[in-house]
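Notes follow the structure.
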Amino acid sequence: MKATAERIEKNTVLLEIEVEQEMLEQALDKAYRKVVKQVNIPGFRKGKAPKAMVERYVGKETLFGEAAEMVVPEAYMQALKETEIDPIDQPKIDIVQGEAGKPLIFKATVEVKPEVSLGEYKGVEVTRPSTEVTDEVVQQELERLQNRHAKLITVEDGEVQQDDTTLIDFAGYVDGEAFAGGTAENYTLIIGSGNFIPGFEEQLIGVKVGEEKDVDVTFPEEYHAENLSGKAATFKVKVNEIKRKELAVLDDEFAKDVSEFDTLDELRNDIRNKLKEAAATKANSAVENGTVDAVVANATVEIPEVMIEHKVEEMINNVGQRLAQQGVNMDQYFQYTNSSLNDMRERMKPDAEKTVRSELVLDAIAKAESITTSEEEVNEEIQKIAEYVKQDAKVVRKNLELQGGLGHIIQDMARRKVVAFLVDNAKISEDTKAE
Amino acid sequence: MKNSRDILIKPVVTEKSTSLLAENKYTFIVDLNANKTEIKKAVEDIFKVKVETVNTMRVKGKMKRVRQFTGRTPERKKAIVTLKDGDKIEIFEGL
């Protein structure tokens, strides 16, 4: 097999491939063996007719087309390997010469990955956000804990205050008449929650347990029930019970109650460490993203449209899978969000372009710095996946190979390595200011 | 005597007849009333080959029925002609 590659446009390569006669003959033979099983020729059992008979019966062209279908992809793949071309789309194939007894010549036009001209990628400057955790942040976190563990205490005889939880009976009248949905007994209302129409909750403040009060309110103009919107109403309200949140005192006792620590200081330290860890993770990814962004910005790539389209398809598939896990299919999703597949495509385009761009740049750097993934590393990764899905590593590997996911994993690992390499080489300045 | 072309009606192309080609035997449907000598002459005349032997057989028509009416497909005579070594009949070539 002979193949010549020629770059005809920026991202398009024209491959001219010649397949030797013997290979073609072999393919023709195979084609005959396949076709003969499908045609029914009178006088012969299926699959028993001689070649010339089949040829006359189905036509030479059919046999030839069948043979070409077998030999072309094979030759094409081989040609790609020989010419070291990495296509990103299906090739357009034109058969130039296709006759029995002569070599088969065909042309394949294919889009390839664009050339990336890398800019500066070593020593890009990034700022690492501070991971300092201030006392106030810790205190806030403690207070949140305190609130979560607060007890509701029934107030025997007191007045309704802000943030109290009340049990009320109420009956509402518009123009002296009760209306649907305006009455309830022992309804739990938190004052200040804003669940009721504005003014209602505020007017209850100061009412004692067991007392009744008439509350005058006006329904807002944009109330959901149209017959009520904008109308003045009177509610007869009786307060049955008042419950007040009682915050625990912040002391060692509290620490013991809410955590496995014995003293408040230990709890404080724990909170601080956890916050610090979170901040560090955040800072690391910020540094990584910042570095990659900077490097990508320094490089110039012209991305062919097909690559973006492929990426968009991939992303939509991912979304679809996530939705499917939640038991929603794509059509339902579009109905809920009142959008369409095309909207989604449009929306994802900028993101897809960005991803493709950084992937291309990262791959280019990997090539420039000859960063590769070794077999052992891949095995390690597979082992990890195997442990995660609780399957044998060999099985996992086989499945991945079958689905073609192995290449993705290797690519992904290489990219992660490049990112690490970039971060190592970046000038990182610390941001000392606390958030 | 009859015309050679009236004696030989058509070649038989089946799996069985194709496999007989390997033994230099060619199969024809021939006129029901033709005898071996006539067939031999006809083949030699038309294809310009030398015939060694001729075997013939009558193929009885099959019974066919359309609703209640029974009938029979026509009876035919089949001849297997063995040629002299090296001789060939072109129309069978490549089968």
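Beta carbons closer than 6 Å, at least 6 apart along the sequence or on distinct chains, pair a first residue in region A:190-203 that is free of Cβ contacts under 8 Å to residues at least 24 places away in the same chain with a second that is surrounded by 14 or more Cβ atoms within 10 Å (Cβ to Cβ) for A:G199/A:V217; A:E201/A:I191; A:Q203/A:V215. Just one residue in the set A:K231, A:K208, A:K213 is touching a strand residue (DSSP E or B) at 6+ places or on another chain (Cβ under 8 Å), under 20 Å from A:K245 (Cα atoms) and of a type in the set (K, R); that residue is A:K208.
Only a single item in (1) out of contact with any helix residue (DSSP H, G or I) (no Cβ under 9 Å at 6 or more places or on another chain); (2) farther than 23 Å from A:V133 by Cα is not met by A:N273, and it is number (2).
Restricting the first member to region A:158-182 and to residues that are not assigned by TED's automatic domain parsing to the domain that holds A:E212 and modelled with pLDDT under 75, and the second to residues that are surrounded by 10 or more Cβ atoms within 10 Å (Cβ to Cβ) and among the small types (G, A, S), no beta-carbon pair is closer than 6 Å while six or more apart or on different chains.
For region A:331-347, the condition holds for at least one residue, the condition being that it is surrounded by 14 or more Cβ atoms within 10 Å (Cβ to Cβ) and among the aromatic types (F, W, Y). Scanning region A:16-47 for residues that are free of Cβ contacts under 8 Å to residues at least 12 places away in the same chain and either within 14 Å of chain B (Cβ to nearest Cβ) or in a loop (DSSP other than H, G, I, E, B) (or both) yields a count of 9. If the condition is being at pLDDT 70 or above, crowded, with 18+ Cβ neighbours inside 10 Å and within 25 Å of A:K60 (Cβ to Cβ), then region A:83-117 contributes A:L104, A:F106, A:A108. Look at (1) among the hydrophobic types (A, V, I, L, M, F, W, C); (2) in contact (Cβ under 8 Å) with a residue 12 or more places away in the chain; (3) within 14 Å of chain A (Cβ to nearest Cβ) and you find that B:A22 fails only one, number (2). Candidates B:E15, B:E52: the one that is surrounded by 13 or more Cβ atoms within 10 Å (Cβ to Cβ), touching a Lys or Arg at 6+ places or on another chain (Cβ under 7 Å) and away from chain A (no Cβ under 14 Å) is B:E52. Within region A:225-257, the set of residues being in a loop (DSSP other than H, G, I, E, B), of a type in the set (D, E, K, R) and either in contact with a helix residue (DSSP H, G or I) (Cβ under 6 Å, 6 or more places away or on another chain) or modelled with pLDDT of 70 or more (or both) comprises A:K231, A:D251. Pairing each residue of region A:269-296 that is on the phi < 0 side of the Ramachandran plot and modelled with pLDDT of 80 or more with any residue that is among the aromatic types (F, W, Y) and surrounded by fewer than 17 Cβ atoms within 10 Å (Cβ to Cβ), provided the two are 6+ apart or on different chains, yields C-beta distances under 8 Å for A:D270/A:F261. Answer yes or no as to whether A:M53 is assigned to a helix (DSSP H, G or I) and more than 14 Å from chain B (Cβ to nearest Cβ). It is false that A:M53 is assigned to a helix (DSSP H, G or I) and more than 14 Å from chain B (Cβ to nearest Cβ). The strands (runs of 3 or more DSSP E) found wholly in region A:156-224 and carrying at least 2 residues that are surrounded by fewer than 13 Cβ atoms within 10 Å (Cβ to Cβ) occupy A:177-190, A:212-218.
Could you name every one of the strands (runs of 3 or more DSSP E) located completely within chain B that has at least 3 residues being in contact with a strand residue (DSSP E or B) (Cβ under 7 Å, 6 or more places away or on another chain) and under 30 Å from A:K51 (Cβ atoms)?
B:8-11, B:25-30, B:51-59, B:76-83
The values are calculated or read from the model by the stated rules, or taken from the named source; none is laboratory data. No experiment lies behind these values; they were computed from the predicted model shown. Don't worry about glycine lacking a Cβ; one is built from the backbone with ideal geometry, like all the others, and counts go over all protein chains shown.
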